[in-house]
1. Would you list I244, I119, I22 from fewest to most Cβ contacts within 10 Å?
2. Given H placed on each backbone N at 1.01 Å, which residues far from V170 in sequence or on other chains put an amide H within less than 5 Å of it?
3. Quick one: what are the phi-derived ³J(HN,Hα) couplings along region 179-185, Karplus 6.51/-1.76/1.60 with θ = phi - 60°, whole Hz, x for glycine and proline?
4. Relative contact order for the chain: what percent, with Cα pairs under 8 Å and sequence separation of 6 or more?
5. Please state, as a whole number in µm²/s, the translational diffusion coefficient that the Stokes-Einstein equation yields for region 16-93 at 25 °C and 0.890 mPa s, with Rh defined as the Kirkwood radius across alpha carbon pairs.
6. Using a cut-off of under 18 Å, list every residue of region 117-139 whose amide N is near the label point 7 Å from the Cα of K90 along the Cα-to-beta-carbon line.
7. Kindly express, to the nearest 10 degrees and within the range 0 to 90, the angle between helix 16-35's C-alpha long axis and the longest C-alpha principal axis of the chain.
8. Angle check, please: helix 267-279 long axis (alpha carbons) against the longest principal axis of the chain (alpha carbons), in degrees 0 to 90, nearest 10.
Amino acid sequence: MTEADEPGWEVDPDDEWGVAVIATVGRQLKLRREAVGMRAAKFAEAIGYSEDLIYKVEGGKRIPRREYLDKADDALNADGLIAAMWEDVKKVRYPKKVRELGKLEANAVEIGVYECNIIAGLLQTPEHARVLIGAAQPPYSPDDVDRMVAARLARQSVFERDPAPSIHFVLEEAPLRRQVGGTMAWRQQLEHVLEVGRFNNVTLQVMPTDTDAHPGLDGRIELLKFPDGTAVGRADGLFNGRPITDPKQLRILELQYGTIRAQALPPRESLTFIEKLLGET
């Protein structure tokens with residue numbers, strides 16, 4: 001496999017904005033290369049990439065890495081104009097669904113998350129996120145792992161908003177006990193969960209493994225509410241896992257999420273529970 005075929009840098013044909021941005025960048029690169037009279041093969045040699053990749057980038061089929069743009073800028077004597085394209089490219093570098101989720105979270109006044117198999121992405125440390133993403137099979141390329149970790153961490157800017165949204169988390173006990181990445185990384189992750197759980201705008205609850213059956217056993221739930229009174233939600237076990245906005249369907253989702261919160265440990269007891277886990281190491 002060459003860098004031209006590496007997964008994670010292809011353009012998603014369903015991402016209209018991404019397609020337009022990468023097509024424009026590719027066109028500008030080609031125009032600049034031709035303006036200085038450099039053939040694609042010579043350009044590929046100058047920047048250290050394959051000729052196949054050059055054609056794919058210029059044809060809007062591949063997303064260029066930052067180092068690709070930096071090297072192209074030097075090779076074509078563009079005085080920073082090509083390197084500056086990264087500001088546009090990085091906005092569409094993350095997967096469309098992650099960008100869309102980030103936009104929704106950035107506008108929500110209330111966010112509710114139930115997570116059953118992992119610690120919620122909004123609560124993950126960089127090390128924890130990297131290990132989880134790196135465990136995928138077939139494995140992602142190192143660059144793709146970097147991209148996905150960066151995308152996940154970028155969503156955490158929601159905690160820096162002013163005014164801050166009200167955020168509720170319910171986490172299952174099992175993921176909190178799974179020492180992902182080793183003891184030190186696991187301790188750092190638990191410490192981070194405790195830190196965020198103590199924010200004034202955050203409510204954190206733990207669902208003990210010895211609790212009765214509850215509606216979250218079918219999978220993850222996320223519910224977001226916006227300033228205009230609208231909402232969007234998604235649950236692995238409802239409505240084929242699709243995002244929903246219909247008020248009747250949202251009421252069902254809210255009922256399930258409310259039941260989960262009622263069965264979980266109260267916030268103060270939940271923080272004490274996590275502190276106890278830390279003390280057991």
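Every read-out reported here was derived from the displayed coordinates using simple, explicitly stated rules and does not represent laboratory data. Please read all numbers here as calculations on a predicted model, not as lab measurements. Here Cβ is always computed from backbone atoms with ideal geometry, including for glycine, and neighbour counts include all displayed protein chains.
1. With the fewest neighbours first, I244, I119, I22 line up as I244, I119, I22.
2. Amide H neighbours of V170, under 5 Å, 5+ apart: V113, Y114, E115, Q205.
3. 7, 5, x, x, 4, 5, 4
4. 17 percent
5. Working: Rh = 12.1 Å.
The Stokes-Einstein estimate is 203 µm²/s.
6. Counting only backbone N, you get 126.
7. On a 0 to 90 degree scale, this one is about 20.
8. Roughly 70 degrees, rounded to the nearest 10.
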